[in-house]
Amino acid sequence: MTTITTNDVGERQACLEQIVEDLLAEAKRQGACAAEATAGTGAGLEVKVRLGAVETLEHIRSNGLGITVYMGNRKGSASTSDLDQAAVHDMVAAACAIASHTQEDPCAGLAAPQHMATRIPDLDLFHPWSLRVEEAIDLALECEEAARAEDARIVASEGAAVTSHTRVHVYGNSHDFIGGYSSSRHGLSCAVVGREGASMQRDYWWSSARCADDLESAAAVGRRAGKRTIARLGARRIPTRQAPVLFDAQLAAGLMRHLLHAITGPSI
């Protein structure tokens, strides 16, 4: 299966909620005074073509469990991708062992029970894409062909890709809170190389959305990748100077991501 469908998402979430409940019960049994746990499962398809041929084709299935236990103000965490009962027991035991050897932190612990969510809104994050492998290959080929046809100066390709991922995630803690949600993410991308004289440049474009209907067309993504590559040809260095700088929108977003990462709590 290359996606989690609307028909089975409820069953998967119920299964993950039971796993989280079992994790929390096991943590209590092993001596934790409080705990929080997560469980997730995902499925997806990734296709990449390069120079008109399929380069990679991947069907993705993933599982993940994680738990954080609190022994007083001491904290320990562990995770696993194995859903087997013995592996779950060992994961909880590892988290408890870590907690028993860590230094006390007065700030460690769960949020107060009254701060737990009582209503979980539907954020409309889940839109599975019934995409067959053959259709994904055709979209990727169309995307790359459009990029290479954009200008005669496009001389090579780093490939075009189509991706589709769906996931169900559940979180619970020992305040009797448990909640989950399903999500999807689909994408089209392309990168090509241009040459003018001795100068060679590469650039790319992509489209990403929760719902496949919101993606740019494969041809539009390819053409944009080709135009961006050609626009880089003829670039030149300027002497060192003080000057105003206009950042490309994608680069500006990257600068903001670096700033936000630097000022998050764990980084500080």
Open item on the list: Restricting to region 64-121, name every residue that is under 27 Å from the mean Cα position of the chain (by Cα), under 12 Å from A32 (Cβ atoms) and β-branched (V, I, T).
Closed with: I67, T68, V69, V92
Open item on the list: For region 37-59, check the following and say yes or no: at least one residue is surrounded by fewer than 19 Cβ atoms within 10 Å (Cβ to Cβ), aliphatic (A, V, I, L, M) and closer than 12 Å to G172 by Cβ.
Closed with: no
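Of the residues that make up region 168-188, is at least one of a type in the set (D, E, K, R) and touching a Lys or Arg at 6+ places or on another chain (Cβ under 8 Å)?
Scanning region 168-188, I find at least one residue that is of a type in the set (D, E, K, R) and touching a Lys or Arg at 6+ places or on another chain (Cβ under 8 Å), so the answer is yes.
Listed here are the residues, each with its yes/no results for (1) over 25 Å from the mean Cα position of the chain (by Cα); (2) part of a helix (DSSP H, G or I); (3) of a type outside the set (G, A, S); (4) modelled with pLDDT under 95.
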| site | (1), (2), (3), (4) |
| --- | --- |
| E216 | no, no, yes, no |
| T229 | yes, yes, yes, no |
| G234 | yes, no, no, yes |
| A252 | no, yes, no, yes |
| M256 | no, yes, yes, yes |
| L259 | no, yes, yes, yes |
| A262 | no, yes, no, yes |
| I268 | no, no, yes, yes |
Task: Members of region 138-160 found to be touching a strand residue (DSSP E or B) at 6+ places or on another chain (Cβ under 6 Å) and farther than 11 Å from A218 by Cβ, listed by number - done: R148, R153, I154, V155, A156, S157, E158, G159
TODO: Kindly indicate whether E196 is out of contact with any Leu (no Cβ under 7 Å at 6 or more places or on another chain), over 30 Å from G10 (Cα atoms) and either charged (D, E, K, R) or surrounded by fewer than 17 Cβ atoms within 10 Å (Cβ to Cβ) (or both).
DONE: no
Task: Flag if S184 is of a type in the set (S, T, N, Q), closer than 30 Å to E134 by Cα, in contact (Cβ under 8 Å) with a residue 12 or more places away in the chain and surrounded by fewer than 20 Cβ atoms within 10 Å (Cβ to Cβ) - done: no
TODO: Scan region 87-140 residue by residue and report those that are closer than 30 Å to G52 by Cα, assigned to a loop (DSSP other than H, G, I, E, B) and free of Cβ contacts under 8 Å to residues at least 40 places away in the same chain.
DONE: R132
Open item on the list: Cβ-Cβ under 7 Å, sequence separation 6+ or interchain: first residue in region 13-25 and surrounded by 20 or more Cβ atoms within 10 Å (Cβ to Cβ), partner part of a helix (DSSP H, G or I). Which pairs?
Closed with: L23/V88; L23/V92
Open item on the list: If I filter region 7-16 for residues that are among the polar types (S, T, N, Q), more than 21 Å from V133 (Cβ to Cβ), in contact with a Gly (Cβ under 7 Å, 6 or more places away or on another chain) and at pLDDT 95 or above, do I get at least one hit?
Closed with: no
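The values are calculated or read from the model by the stated rules, or taken from the named source; none is laboratory data. Keep in mind that this is a model prediction, so the values were computed, not measured. Using ideal geometry, Cβ is built from the backbone for each residue, glycine included, and neighbour counts are taken over all protein chains shown.
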